[in-house]
Each structure stands twice: as C-alpha cells, then as structure tokens.
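Take a look at the structure below.
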Amino acid sequence: MSKVVVMDFMAEWCGPCKMQDHIMEKLKEKFKDDIGVEFKKIDVDEDVDGGFKLVDKYSIHAVPTLVVEKDEKFFSKFVGVTKLETLERKIKEALE
C-alpha cells in the first residue's frame, strides 16, 4: 500500500489559508479511515518539524500551497486555494 502525505503550507496571517483550512478539514474527514493518508499543516513562519527545510525543498513561494508526497517522493503541488474535488482525485490517484 502506498503512503500518501498531504502537506498544507500556510500562515496564520493568510486569509486564503483559512479558506483552504475548511477544505482540508472536509478532506481529512473523507480519508479519516484510510491509514495510507496523512495530513500535515506547516506554518511557513515557524520551523516546526523541519518546516523551513520543507519550504526550501518544495520551493514554497506563496501560501497556501499544498504538496502531495507518495512514498516519500514528490507527487503533486497546488498553489492557491484548491478545490476539495481536485485534491480528493489527486490523493486517490496517489494511492493507486
């Protein structure tokens, strides 16, 4: 089984990030029973859990940005508020 990690790069001061947060909560609910999917929220202003290294690794220049990893490798990246359906489809594709 594939391991998929969805990283939500955000900032507390970012209005669009709050809109994305509502979408992410719905997405987490949809995948709550799937042990192959993990969600991480990364504040670009704080270096928690190597957040600054991840910002550099994935060239995060705007928030919100979502990065999907499959088996610890880059799979997909979305910049700006991204629709639930788009993210759900990409996660399912990564799980295949």
_Anything in the stretch 87-96 that is free of Cβ contacts under 8 Å to residues at least 24 places away in the same chain and farther than 20 Å from residue 25 by Cβ? List them, or say none._
93
_Exactly one condition in (1) among the β-branched types (Val, Ile, Thr); (2) in contact with a Lys or Arg (Cβ under 7 Å, 6 or more places away or on another chain); (3) exposed (fewer than 14 other Cβ atoms within 10 Å of the Cβ) is false for residue 67; which is it?_
(3)
*Would you point out which residue out of 43, 47, 21 is under 20 Å from residue 83 (Cβ atoms), out of contact with any His (no Cβ under 9 Å at 6 or more places or on another chain), surrounded by 13 or more Cβ atoms within 10 Å (Cβ to Cβ) and not β-branched (Val, Ile, Thr)?*
21
_Residue that is farthest from residue 16 (Cα to Cα) [pool: residues in the stretch 68-92 that are hydrophobic (A, V, I, L, M, F, W, C) and touching a helix residue (DSSP H, G or I) at 6+ places or on another chain (Cβ under 8 Å)]_ = 75
_Given the options 2, 59, name the one that is among the hydroxyl-bearing types (Ser, Thr, Tyr), loosely packed, with under 14 Cβ neighbours inside 10 Å and out of contact with any Asp or Glu (no Cβ under 9 Å at 6 or more places or on another chain)._
59
_Which pairs turn up if I take residues in the stretch 72-86 that are in contact (Cβ under 8 Å) with a residue 60 or more places away in the chain and under 15 Å from residue 38 (Cβ atoms) and look for partners that are assigned to a strand (DSSP E or B) and charged (D, E, K, R) with beta carbon separation below 9 Å, at least 6 apart in sequence or on another chain?_
75/69
*Which members of the stretch 1-60 meet the condition of being outside any loop (DSSP other than H, G, I, E, B), in contact with a helix residue (DSSP H, G or I) (Cβ under 8 Å, 6 or more places away or on another chain) and farther than 18 Å from residue 76 by Cα?*
26, 30, 43
_Just checking, does the stretch 52-65 include any residue being in contact with a Ser or Thr (Cβ under 7 Å, 6 or more places away or on another chain) and not hydroxyl-bearing (Ser, Thr, Tyr)?_
no
*Given the structure, is residue 74 on the phi < 0 side of the Ramachandran plot, of a type in the set (A, V, I, L, M, F, W, C), loosely packed, with under 15 Cβ neighbours inside 10 Å and within 14 Å of the chain's Cα centre (by Cα)?*
yes
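Since every read-out is calculated from the coordinates, none of them should be taken as a lab result. Here the structure is a predicted model, which is why all the values come from computation and not from measurement. Glycine also receives a Cβ, built like all others from the backbone with ideal geometry; neighbour counts cover every protein chain displayed.
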